[in-house]
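Below is one structure, written out as structure tokens; the observations come after it.
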Amino acid sequence: MFNSLISSIKRWQRKSRPEEAPQSTHPGDAPGSNKPARQDSRKKAAKESRKRNGAAKASSAAATPSRVVVSRSDHTLSRRDVSRAALTVMKRLQEAGFEAYIVGGGVRDLLLGGHPKDFDAATDAPPEQAKQLFRGARIVGRRFRILHARIGREIIEVTTFRGHHSDGEEHEAQQSEHGMLLRDNVYGDLESDAIRRDFTVNALYYTTQGFEIHDYTGGMQDIEDRLIRMIGDPETRYKEDPVRMLRAVRFAAKLDFDIEPATAVPLQQLAPLLRNIAPARLFDEVLKLLMSGHGERTFELLRQYHLWEHLFPDNARHLDSPEAEALTRQALRNTDDRIRNEQRVTPAFLYAALLWPAVNFEQKFLSEHGTPPVPALAQAAQKVVGVQLTHTAIPKRFSIPMREIWDMQSRLPRRGGERAFRLQEHPRFRAAYDFLLLREESGEIPAGLGQWWTEFQQADEEQRQQMVRDVPRNGPRGGKGRGRRNRGGRNRNRSKRPNNGSEHPSS
Ligand code: ATP
Ligand code: MG
């Protein structure tokens, strides 16, 4: 797949930049080469290409766009790769006399040989007129009015070409004192739309009329150079919409691209602007960042650019602890693996892991100061979740199971009598067990209890009964040699109980 991208871009380059000598195909792209070698060579080739382009490419895209039209024979994007729904949307708009293009991730990912998760369309039809063309279509959004056209089971987001917001009336365009766009519904043409988009690689327009790609911002070159480059002045564009900072990181992680230097420079300084974003929007962004299969890499980049502490301040504060960092990374890695294996993932589990180091810390603190374990956990959870909610929302359907996963951590060690059998029936058992394994793997608690539960789930009825009978002899908390029963009864000297971090404080 990638070979065809290279050759398509080569052809495009030869045509649009006749002064440049054509380049050879990257050795790592030869059939049969393994992926890391291919990625290395892709990056190397991108670097060389950047060098060649020198000063002209050192800063962000020029404000005045110049259009490059890449003709059908000079790119690899085929209408066969575009979803039927997206083709239908384009066709209907065109038949009604409007312009219609596929833009954004659909074009970008297809040029890179990937599988777009959805297709977005752009048109000169105003939303109300476009709406007439699709039964059951809805206009959504206030800041940006977008049409959701439903074709079969697919929803295609149709946006009307954006214009320059300075040209609009107050009810169409509005900006906060920090430069943030509160409303951006001034319409324009393809060219003005292109420069209102975020990154050059997201501003490539494909049309089935002529099967061309229209590039106003140098996106084709940046796809080849593997660069995320902001269109226009990065600082101004981040101020208009601070979520673009997260998007830069998301695309860099997902596509294995570099963030172009001028695009990266303002990130750290402007990161606090994320505080101005509604927590509900940030929750949605967090899911895209961490639950799209590249969570661990995204986490690294978010930390590198000092954005992480504005999304998960309580997690960030505990990352000095090796166990907290290991738990965070492992949770993200497991999520990535599960997505790759097409297994189910839930934000409840991920949030449980990200907030756990802080909850655990608070709970220990409260326990050491005399609060009994169960209320200590409840209070700790309340406090940590309360802080988190001021940054990213956590819908109830996720926060409730998240708390159950935490609660179960103090119940999993107690397996005597019927308890183990009952616990296993709990709807949150599987997640709580996975969470326990994660804690053991990260070194927060010693290994043992997880293994007991693994064996319990694999054992037959008779073996299970025996395992449960054996529990009291090994102590209430888990496998052989783990923990000792708190001699002297539950309430004896609780506040003085040593808490060396080697066991769950509530157990
Ligand atoms: P993916 O869907 O794979 O996550 P995408 O690039 O398609 O990536 P969307 O969020 O679907 O991202 O947005 C579609 C397009 O709309 C983008 O490619 C970009 O051109 C434009 N866009 C989205 N969000 C912004 C933004 N905050 N500022 C400017 N342009 C944006
Ligand atoms: Mg998209």
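Since every read-out is calculated from the coordinates, none of them should be taken as a lab result. Since this is a predicted model, take the numbers as computed values, not measurements. Counting neighbours? That spans all protein chains shown, and the Cβs are built from the backbone with ideal geometry, glycine included.
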Amide H contacts under 5 Å for Leu204, restricted to residues at least 5 apart in sequence or on another chain and with H modeled in the peptide plane, are Gly104
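Between Glu342 and Gln457, what is 0.36 nm times their sequence separation minus the Cα-Cα distance? Round to one decimal in nm. Before the final figure, lay out the partial values.
Numbers: separation 115, 0.36 × 115 = 41.40 nm, distance 2.31 nm.
Net length gain for the segment: 39.1 nm.
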Residue span Thr88 to Val69: 0.36 nm per residue of separation minus Cα-Cα distance leaves a gain in nm of 4.5 nm
Whole-Å distance linking the alpha carbon centroid of the range 242-258 with that of the range 271-342 is 13
Taking R0 as 41 Å and r as the Cβ-Cβ distance between Val265 and Arg150, the FRET efficiency 1/(1 + (r/R0)^6), rounded to the nearest 0.05, comes to 0.50
Along the range 282-291, Karplus-curve 3J(HN,Hα) (6.51, -1.76, 1.60; θ = phi - 60°) to the nearest Hz, with x for Gly and Pro, reads 5, 4, 4, 5, 4, 4, 5, 5, 9, 10
With x for Gly and Pro, the residue-by-residue ³J(HN,Hα) of the range 330-342, computed from phi through the Karplus equation 6.51 cos²θ - 1.76 cosθ + 1.60 at θ = phi - 60° and given in whole Hz, is 5, 4, 5, 5, 4, 4, 4, 4, 5, 5, 4, 8, 6
Packing-ranked peptide list from 140-148, 298-306, highest mean Cβ count within 10 angstrom first, is 298-306, 140-148
Quick calc: nm separation of the 7 Å Cα→Cβ label points for Asp256 and Arg138 -> 3.8
Expressed in nanometres to one decimal, the distance between label points 7 Å along Cα→Cβ at Glu300 and Ala96 is 4.6
Given unit charges at Cβ for Lys, Arg (+) and Asp, Glu (-), the dipole magnitude of the range 61-164 about its Cα centre in debye, nearest 20, is 320
